[in-house]
Amino acid sequence: MQSELVQKILDKLKTKTAQNAYRITIDTNAPTGVFDSKFGGVPYWDLQKPYPQDTNGNKLALLAQFNFDKDKVSEPLPTKGMLQFFIRVFDDDIYGADFDNPTKQDGFRVIYHENIDTSVTEAQIKALDIPWDIPSFDDFPLAFEMGITITPTQICMGTLNEQFNHVFCEIASEVLQKDIQDMPYYKILTEQEQTQLLDALPIGGHSLLGHPFFTQYDPRENDETLSAYTTLLFQMDSEYDRQEDYVMWGDGGVANFFIKPQDLQNKKFDDILYNWDCY
């Protein structure tokens, strides 16, 4: 049972930080055709566009795609078309990331098709000689192509968000009726209350929008350039059970794609921060 203090803090934290988002759930019974929302496999592609590749000419593999003609979402996400995430797969054990320059558009790409050409066939897309057969990859976060479902939800801020401690201190000051500034939450709450707080807050998961989760730290923290990427566009977490790994980023990590709010509003997806970390 939660203490009265933790309950009051949680209520105010959810009210203050809850964001409309979309929870993504792996569904092995969902369709995985080229026009479906899914993780991995053969992507939809507009044959009039050049297929994404890195500077060495290696074509990138589909990580995830979302068909907003089928799966309805609200702004600020696009409300139509196809949004896709690609990463490098060959000779790359860091999945196309550049940790020194996480906005460098080389080993990954985010592509938006405002209009979907439904006349394109899977055979035509495969003929582009793209990497799509996940079991043949040496190293990739996905074990196989997966169908997904997309559900509206609300996600509140977790403790690893760079703004959490500031928000927590504001709320604790209000609840305790005394000025608490820049004091870590674990110095305000008892050990038992810390456990209650952490158990109640969201931890990870796959999502569009919402608050991000990190296993180590927020890469935007203390970086003036990266701090402009304030919107979580897409998060893919590790997911596994005793029998099988479905998604695995390193050793149980999580990947985040961030975008500047104005770029999302303008449906401009060529300036993205991509990062992943693990335990």
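Plainly put, the chain has a radius of gyration that is 1.00 times its Kirkwood radius, both from alpha-carbon atoms, as the Rg/Rh ratio. Per-residue ellipticity at 222 nm, computed for the chain from helices alone with -39500 (n - 2.57) per DSSP H run of at least four residues, works out to -5000 deg cm²/dmol. Summing charges over neighbours of Asp133, with a neighbour being any other residue whose Cβ is under 10 Å away from its Cβ, gives 0 when K and R count +1 and D and E count -1. Computed log10 I(q)/I(0) for the range 1-61 at 0.15, 0.17, 0.23, 0.29 Å⁻¹: -0.73, -0.78, -1.02, -1.18, from the Debye equation with unit scatterers placed on every C-alpha and solvent omitted. The lysines whose alpha-carbon is closer than 17 Å to the alpha-carbon of Lys80, local same-chain residues fewer than 8 away aside, are Lys38, Lys70, Lys72, Lys267, Lys268. Net charge of the neighbourhood of Gln235, taken over other residues with C-beta under 15 Å away and scored Lys/Arg +1, Asp/Glu -1, is -2. Electrostatic bookkeeping for Asn115 treats Lys and Arg as +1 and Asp and Glu as -1; over the other residues with beta carbon under 11 Å from its beta carbon, the sum is -3. Projected onto their three principal axes, the Cα atoms of the range 99-226 cover extents of 66, 33, 32 Å, largest first. Per atom type, the range 192-279 shows carbon and sulfur on 42% of its accessible surface, probed at 1.4 Å. Packing around the peptides 16-29, 116-129, 39-52, taken as the average count of other Cβ atoms within 10 Å per residue, puts them in this order, highest first: 39-52, 16-29, 116-129. The translational diffusion coefficient of the range 7-107, from Stokes-Einstein at 25 °C and 0.890 mPa s with a Kirkwood hydrodynamic radius over alpha carbon pairs, comes to 151 µm²/s. Reducing the range 62-118 and the range 187-248 to their Cα centroids gives an inter-centroid distance of 20 Å.
Please compute the contact order of the range 105-192 in relative form: average sequence separation of alpha-carbon pairs under 8 Å and at least six residues apart, divided by the residue count, as a percent.
That works out to 13 percent.
Surface exposure of the chain, expressed per residue as accessible area with a 1.4 Å probe, stands at 49 Å². Its alpha carbons considered, the range 53-137 gives a radius of gyration followed by a Dmax of 14.4, 41 Å.
The values are calculated or read from the model by the stated rules, or taken from the named source; none is laboratory data. In this text the structure is predicted, and so the values were computed from the model without any measurement. With ideal geometry, Cβ positions are generated from the backbone for all residues, glycine too; neighbour counts draw on all protein chains shown. Note: accessible area is taken over every heavy atom of the protein model, side chains too, but ligands, DNA and RNA are not part of it. Shrake-Rupley method; radii C 1.70, N 1.55, O 1.52, S 1.80 Å.
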